[in-house]
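Presented below is the structure to which this report refers.
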Amino acid sequence: MSTARQMTRKEIEALPPVITLATLAQALGVSEPTIRQTCRSGELGRLGIKVNRIGAQHRVVTASLHAYLGLNGSASSEPPDGNGAGQERRSTSRPRRIAQQDPGRGTRAREPGSGS
């Protein structure tokens, strides 16, 4: 069995307008079951990744993935500023990780001020 590798920035930028959950998992470098669980729990929507359900299938709006990863106005399509700083500047921010849940345990949000 082969394992999927995480996509490069260029591969993510070249994705079609709508992708599957499997492609989203590969783009984020997590497993497909993790993405499906995260989709079911509504976490993808809270992260700003738009998922449309069509019958039993889910489709992800690629523009929302680009926004989540901070790829809007990618450096490859923007002209560098006059001093060339745009060419050497690298982002120090990392995309937020999607929490992986133990299949036997759910995560609960605690109310502020609760004792336990």
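Each value in this text was obtained by applying a stated rule to the coordinates, not by laboratory testing. This structure is a prediction, so every number in the text was calculated from the model and none was measured. For neighbour counting, all protein chains shown are included, and Cβ atoms are generated from backbone atoms with ideal geometry for every residue, glycine included.
In plain terms, the bigger the Kirkwood radius, the slower the diffusion; for segment 9-74, with that radius from Cα pairs, at 25 °C and 0.890 mPa s, Stokes-Einstein puts D at 207 µm²/s. Okay, which of segment 4-47 sit inside 16 Å, backbone N to the point 7 Å along the Cα-Cβ direction of Ile54? Only 16-24 pass the distance filter.
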